[in-house]
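Quick note: the coordinates plus some simple rules give every number you see, no bench work behind them. The model shown is predicted, which means the values in this text are computed figures rather than measured ones. When we count neighbours, we look across all protein chains shown, and the Cβ atoms used for this are built from the backbone with ideal geometry, even at glycine.
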Amino acid sequence: MELSQGSVARIRFFPDGGATGGNFLIARPRGGGVRVKVDWLLGRVSQEVEH
């Protein structure tokens, strides 16, 4: 994950299939949500349910 100007986090995907990698949470107001993970080596995206 990279921080750009203004402290905005981003994940970049590269033409060779890699990425900067990282994870972030998409949260529901009442709790729980989904954590999205990006693998830096393969650029693979996965998700996990957060309780």
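Taking the C-alpha atoms of the chain, how large are the radius of gyration and the largest Cα-Cα span, Dmax, in Å?
For the chain, the Cα radius of gyration and maximum Cα-Cα distance read 12.4, 39 Å.
Note down the net charge around His51, summing +1 for each Lys or Arg and -1 for each Asp or Glu among other residues with Cβ under 15 Å from its Cβ.
Overall, the nearby charge balance is +1.
Could you compute the FRET efficiency for Glu50 and Phe13, with r as their C-beta to C-beta distance and R0 at 35 Å, rounded to 0.05?
Calculated transfer efficiency: 0.90.
Could you give the length gained on full extension between Trp40 and Glu2, defined as 0.36 nm per residue of separation minus the Cα-Cα distance, in nm?
12.5 nm
Can you pull out the trypsin sites (Lys or Arg not before Pro) in the chain that DSSP calls coil and that have at most 15 other Cβ atoms within 10 Å?
Hits after loop and neighbour filter: Arg12, Arg30, Arg44.
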